[in-house]
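Enquirer: Provided herewith is a single structure, encoded as structure tokens, for subsequent inquiry.
Rule-based calculations on the coordinates, nothing more; no lab input. Because the structure is a prediction, the values reported are computed rather than measured. All Cβ positions, glycine included, derive from the backbone under ideal geometry; neighbour counts span all protein chains shown.
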Amino acid sequence: MSAKLSDYRDQLFKGTPQDLEVRLHTSTTLYIGNLSFFTREYQIHELFSKCGDVRRVIMGLDRFKRTPCGFCFVEYYTREDAENSMRYVNGTRLDDRVVRTDWDAGFEEGRQFGRGKTGGQVRDEFRKDYDPGRGGYGKMFGNLDISV
């Protein structure tokens, strides 16, 4: 029994929707989200290798600063190992954050960079709450004077 696909689809996928569906159902690559900006590649490798042989980890980077920005890709050698990871790692804690896993159609060079206007992830630009694991306040709200 394979792990369920989410409803999210990468809007920048180059190919038909049918191609995307086929790739998602056969992929050995996972998108990992909600990581701390301080989580390192070796920590991800250690956690995800508990479910199978990890081929590689590609850290998500701020497009301008080239620093971690809260996501990565984990590529396994087999679909079975990736499915185990989807079942057993999704929702666990790493660096005091709940890790989210999702199927990815396969890593391609350039996708490791954040898509937000400020270089990081879009979700971090509009976050209004303070999150020390993800760089403080959201980028669009970080310069607001919140004193009373």
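Enquirer: Considering just Cα atoms, how many Å³ per residue does the convex hull of the stretch 1-97 enclose?
Expert: Convex hull of Cα atoms, per residue: 109 Å³.
Enquirer: Along the stretch 18-26, what does the Karplus equation 6.51 cos²θ - 1.76 cosθ + 1.60 (θ = phi - 60°) give for ³J(HN,Hα), rounded to whole Hz, x for Gly and Pro?
Expert: Working through the residues one at a time gives 5, 4, 4, 4, 4, 5, 5, 7, 10 Hz.
Enquirer: Bin width 5 Å, alpha-carbon pairs only: give the P(r) of the stretch 53-100 as whole percents, running from 0 to the bin holding the largest distance.
Expert: Per 5 Å bin, starting at zero, the Cα-Cα P(r) for the stretch 53-100 comes out as 5, 19, 22, 25, 17, 9, 3, 0 percent.
Enquirer: Calculated FRET efficiency, Arg100 and Arg66, Cβ-Cβ r, R0 22 Å, to nearest 0.05?
Expert: About 0.40, to the nearest 0.05.
Enquirer: Could I ask something else about it? Sorted by packing (mean other beta-carbon atoms within 10 Å per residue), highest first, where do 24-35, 99-110 land?
Expert: Result, highest mean first: 24-35, 99-110.
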